[in-house]
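Here's the structure we're looking at; comments come further down.
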Amino acid sequence: MQSNLSQVLPDTAVVVDGRLQLAGVDVVDLADRFGTPLIVLDRASLETRAKSYAAALEPARVFYAGKALCCVAVCEMIEALGLSLDVCTGGELETARAAGFPMERVLFHGNNKSVGELEAARDLGVGRIVVDSHDEISRLARVGVTSKLLVRITPGVEAHTHHYIQTGQEDSKFGFTLADGAALDALRRASELRSAGLVGVHAHIGSQIFEMAAFDLAVKRLAVFLREAKDAFAFEPTELNMGGGLGIAYTDDEITPPPADSVQRILAAVEREFSALGLAVPELSLEPGRSLVGSSAITVYKVGTVKRIPGVRTDVAVDGGTSDDSYQKGLPSPEQTDRVYVSVDGGMSDNPRYPLYGAKYQALLANRMNDESTLWTTVAGKHCESGDILIKDVPLPVDVREGDLLCIPATGAYTYSMASNYNRITKPPIVMVEDGKAVEIVRRETLDDVLKLDRRLDGSAL
Ligand code: LLP
């Protein structure tokens with residue numbers, strides 16, 4: 001295996017006779033058995049990350065952000081690990097319920113929770129609700145929710161992968177802003193709700209963050225705000241939830257810091273900023289999604305059409321990479337002006353992250369792991385849309401061809417959970433691998449599943 005790929009592949013990845021194995025299971029065999037596209041989730045990788053978060057935050061809680069990948073078996077795994085769960089819709093809540101997840105360990109998010117969702121949270125006995133708006137405070141009072149409450153604050157810090165900006169986050173559909181006194185008002189109103197109990201505040205400053213200084217600043221602003229709240233109406237939080245957001249490596253030139261180091265840094269900021277203002281230090285909780293499941297899974301596709309267009313690859317930079325920088329460093333690229341489209345049997349319906357965010361990924365061929373990758377290719381899906389690209393520029397073996405099994409690592413988070421049926425393509429299955437065994441934890445969607453919802457013009461079922 002190219003050693004640099006170990007950053008992005010699940011922990012159990014090894015190469016045996018030129019083929020990729022995860023958790024002792026041959027990926028080519030998995031593709032034969034379950035078909036492609038196929039998501040393969042390595043249980044050990046997920047568990048290692050979860051345990052390291054839990055140990056770093058002990059005795060406080062880690063709420064796995066279900067939005068990254070939500071299905072019954074993943075909820076069961078999170079439950080067995082003793083973690084808590086962040087859900088943000090009635091659908092995610094229902095998935096947790098179906099998994100038998102203890103509701104006391106569930107936290108409910110959302111900028112537009114409906115009355116029906118709040119009633120479900122009340123009836124199920126959801127442990128915590130993160131209050132997001134004044135309208136919601138009124139709904140909570142009407143519904144008579146008895147959960148613990150945290151008020152979501154937008155601290156005016158918006159973090160991106162390698163930098164952060166200030167004040168940007170105030171223009172957000174989420175939470176209450178600090179600037180105009182909305183946060184203080186909300187805290188006061190939430191503290192007056194009779195049935196529920198206000199325990200603290202919440203902030204989430206972005207996703208795929210590597211810039212830890214953004215967390216330091218957000219913590220500092222929250223401490224200043226909470227000092228104000230203490231002075232105004234003697235409220236002191238026992239809980240501070242700093243959301244999710246820690247980044248992972250998608251390509252070999254990114255390095256993922258161990259979650260425990262990042263957690264330590266946030267813990268230290270909380271201790272420092274709250275003590276400095278004479279406040280009791282609240283218990284810190286976090287809501288990691290991507291950094292728990294992202295690098296625990298790969299997606300396996302089958303290569304179909306390979307199309308070469310000579311001389312059109314003009315976005316070539318002189319410094320060894322393409323102009324948009326979405327390349328793998330250290331490999332020869334600048335001279336290749338042929339565009340090579342490698343089309344696979346999935347696409348933006350199972351992973352919309354390139355069209356949505358310009359996301360970067362690596363790729364490898366599970367059936368030819370020892371072949372050198374020197375041909376610059378664009379990995380495309382099979383949707384009827386030019387923008388249906390999975391990876392803009394990635395090296396593959398020069399003779400990449402029909403039947404090869406193309407794998408994209410680091411696809412555990414925000415792929416299946418954002419999947420669609422565009423062009424009536426069905427959603428892939430998820431197979432969990434562990435100790436040489438494979439278990440299908442989400443079955444492949446069939447065309448019957450999709451057509452089942454359709455009605456004829458007269459309203460009758462098919
Ligand atoms: N907590 C809250 C309140 C959130 O909004 C999110 C993510 C998380 C926790 C988990 O953040 P994580 O640890 O996964 O970064 N679809 C986008 C990511 C959207 C993130 C939404 N909120 C993507 O594919 O990159």
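Determine which lysines satisfy two conditions relative to Lys230: a Cα distance under 16 Å, and not lying fewer than 8 residues away in the same chain.
Output for Lys230: Lys220.
Dipole of the chain (Lys/Arg Cβ +1, Asp/Glu Cβ -1, origin at the Cα centre): which of Gly387, Val72, His162 lies farthest to the positive side?
Working it through, the farthest residue towards the positive pole turns out to be Val72.
Give, in nm to one decimal, the length gained when the segment between Asp435 and Arg272 is fully stretched (0.36 nm per residue of separation minus the Cα-Cα distance).
54.4 nm is the gain from fully extending Asp435 to Arg272.
Net charge near Pro257: determine it from the other residues with C-beta under 14 Å of the C-beta of Pro257, scoring Lys and Arg +1 and Asp and Glu -1.
Local charge sum for Pro257: 0.
Find which of Val431, Leu9, Thr177 sits farthest along the positive direction of the dipole of the chain, computed with +1 on the beta-carbon of Lys and Arg, -1 on that of Asp and Glu, about the Cα centre.
Thr177
If the label point is 7 Å along Cα→Cβ of Lys230, which residues in segment 264-285 have backbone nitrogen under 13 Å from it?
Those under the cut-off are 271-283.
Where the only charges are on Cβ atoms (+1 Lys, Arg; -1 Asp, Glu), what is the dipole of segment 34-153 about its Cα centre, to the nearest 20 debye?
For this selection, approximately 220 debye.
In the full protein assembly as shown, how much of Ser114 is accessible to a 1.4 Å probe, in Å² to the nearest 10?
Accessible area of Ser114: about 50 Å².
What shape does segment 43-293 take by its C-alpha gyration tensor, where a ≥ b ≥ c are the square roots of the eigenvalues and a/c under 1.5 counts as rounded, a/b above b/c as prolate, and the rest as oblate?
Oblate, because a/c is 1.5 or more while a/b does not exceed b/c.
Based on Cα positions only, what radius of gyration and what Dmax would you give for the chain, in angstroms?
Using the Cα atoms of the chain, the pair Rg, Dmax is 23.5, 71 Å.
So if each residue of separation counts as 0.36 nm, and I subtract the Cα-Cα distance between Arg308 and Val15, what length gain in nm does that give?
Gain on stretching Arg308 to Val15: 102.6 nm.
Which lysines does Lys302 reach when only Cα atoms under 24 Å apart count, and residues fewer than 8 places away in its own chain are ignored?
Answer for Lys302, where 24 Å is the Cα cut-off: Lys360, Lys382, Lys392, Lys427, Lys437, listed by chain and number.
To the nearest 20 Debye, how big is the dipole of segment 43-293 about its Cα centre, given +1 on the beta carbon of each Lys and Arg and -1 on that of each Asp and Glu?
500 debye
Normalised by the number of residues in segment 43-293, what is the relative contact order in percent for Cα pairs under 8 Å and 6+ residues apart?
Once normalised by length, the contact order is 20 percent.
Based on C-alpha coordinates, I'd like the Rg and Dmax of segment 1-141, in Å.
Cα only, segment 1-141: 18.8, 63 Å (Rg, Dmax).
Send over the Kirkwood Rh of segment 376-443, from the inverse of the averaged 1/r over different Cα pairs, rounded to one decimal Å.
About 14.5 Å, per the Kirkwood formula over Cα pairs.
Restrict the search to segment 100-197; then list the chymotrypsin sites (Phe, Trp or Tyr not before Pro) that DSSP places in a loop and that have at most 14 other Cβ atoms within 10 Å of their Cβ.
In loop regions of segment 100-197 (DSSP not H, G, I, E or B), there are no sparsely surrounded chymotrypsin sites (Phe, Trp or Tyr not before Pro).
Please work out, to two decimal places, the log10 of the ratio I(q)/I(0) at q = 0.09, 0.11, 0.18 Å⁻¹ from a Debye calculation in which every Cα of segment 155-278 carries one identical scatterer.
Here log10 of I(q) over I(0) equals -0.27, -0.40, -0.98.
Once the Cβ-Cβ distance between Tyr341 and Arg142 is put in as r, and R0 is 51 Å, what FRET efficiency do you end up with, to the nearest 0.05?
0.40
For the pair Ala80/Lys51, report the inter-label distance in nm, with labels modelled 7 Å from Cα in the Cβ direction.
1.3 nm
Given axes a ≥ b ≥ c from the Cα gyration tensor, I'd like to know whether segment 145-197 is rounded (a/c under 1.5), prolate (a/b larger than b/c) or oblate.
Judged from the Cα gyration tensor, segment 145-197 comes out prolate (a/c at least 1.5, a/b above b/c).
Under a Cβ-only charge scheme (Lys and Arg +1, Asp and Glu -1), can you give me the dipole magnitude of the chain about the Cα centre, in debye to the nearest 20?
820 debye
Once a ≥ b ≥ c are taken as the square roots of the eigenvalues of the Cα gyration tensor of segment 69-168, is the result rounded (a/c under 1.5), prolate (a/b larger than b/c) or oblate (a/b not larger than b/c)?
oblate
How many nm is it between the label spots at Val398 and Leu447, if each spot is 7 Å from the Cα in line with the beta carbon?
4.0 nm
Using 0.36 nm per residue of separation minus the Cα-Cα distance, give me the extension gain between Lys173 and Ser6 in nm, one decimal.
56.3 nm
Using a basic spin-label model with each label point 7 Å from the Cα along Cα→Cβ, how many nm lie between Gln166 and Ala280?
Taking the two extended label points, one gets 3.1 nm.
Between Ile255 and Arg455, take the C-beta separation as r, use R0 = 51 Å, and let me know the FRET efficiency to the nearest 0.05.
0.50
For His204, what is the net charge nearby, where nearby means another residue's Cβ is under 13 Å from its Cβ and Lys, Arg count +1, Asp, Glu -1?
0
The values are calculated or read from the model by the stated rules, or taken from the named source; none is laboratory data. As the structure is a prediction and not an experimental result, all values here were calculated from the model. Glycine gets a Cβ as well: all are built from the backbone with ideal geometry, and neighbour counts include every protein chain shown. With ligands, DNA and RNA removed, areas are computed over all heavy atoms of the protein, side chains included. Shrake-Rupley method; radii C 1.70, N 1.55, O 1.52, S 1.80 Å.
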